[in-house]
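Here's the structure, in structure tokens; my notes come after.
The values are calculated or read from the model by the stated rules, or taken from the named source; none is laboratory data. Treat the numbers as computed from the prediction; the structure is a model and nothing was measured. Every residue, glycine as well, gets a Cβ built from its backbone with ideal geometry; the counts of neighbours run over all protein chains shown.
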Amino acid sequence: MRKKLHITIAFASLITFILLIVCCTNKRKDCSFGSTILDTMSKDKLESSNRAYNYSDYENKPVTFTIIYKGDLSDMITDNSNNFKALIDTYGFRIEQPFEINTEMKGIVLVSSTKFSEPINIGKEFSLVNEVMMVEVSNTKNNNDIVS
């Protein structure tokens, strides 16, 4: 029984190896295991695609911080003892695009014209505020940075 299994495996491996060699040495273009994405996409299509990330845009866009919080925003930004207000003042943020997730949780987008050398660390500072539930840092080189 074991010998038959070894023979079957060896035979299947041999057939696979032969097919691989024949396909790789065949000069016809239609003989392949399938086209790759790079074969089907031209440079023009890649540059015009909205899925291709253009790093020149990275330099022109400000880093934004989307903050999900619980509580009242007006209390958070007017209370001088609140760390949230201190961070907004320190880094010169302006509040844009407030939104509501549900009755308890709300969100804002913070934008600054200042370029930050380490925006992730600033996001971590915001995440330490009691009312803050989540911080998403956008328009960085790694575009999907979430700090919680």
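Name the single residue that is surrounded by the fewest Cβ atoms within 10 Å (Cβ to Cβ) among those in the stretch 107-129 being assigned to a loop (DSSP other than H, G, I, E, B) and at pLDDT 90 or above. Before the answer, list the steps.
Narrowing the stretch 107-129 to residues assigned to a loop (DSSP other than H, G, I, E, B): 112-118, 128-129.
Next, only the ones that are at pLDDT 90 or above stay: 128-129.
On the way: LEU128: 11, VAL129: 19.
Applying the filter and picking the extreme gives LEU128.
Go through the stretch 78-99 and report how many residues are buried (at least 16 other Cβ atoms within 10 Å of the Cβ) and in a helix (DSSP H, G or I).
6
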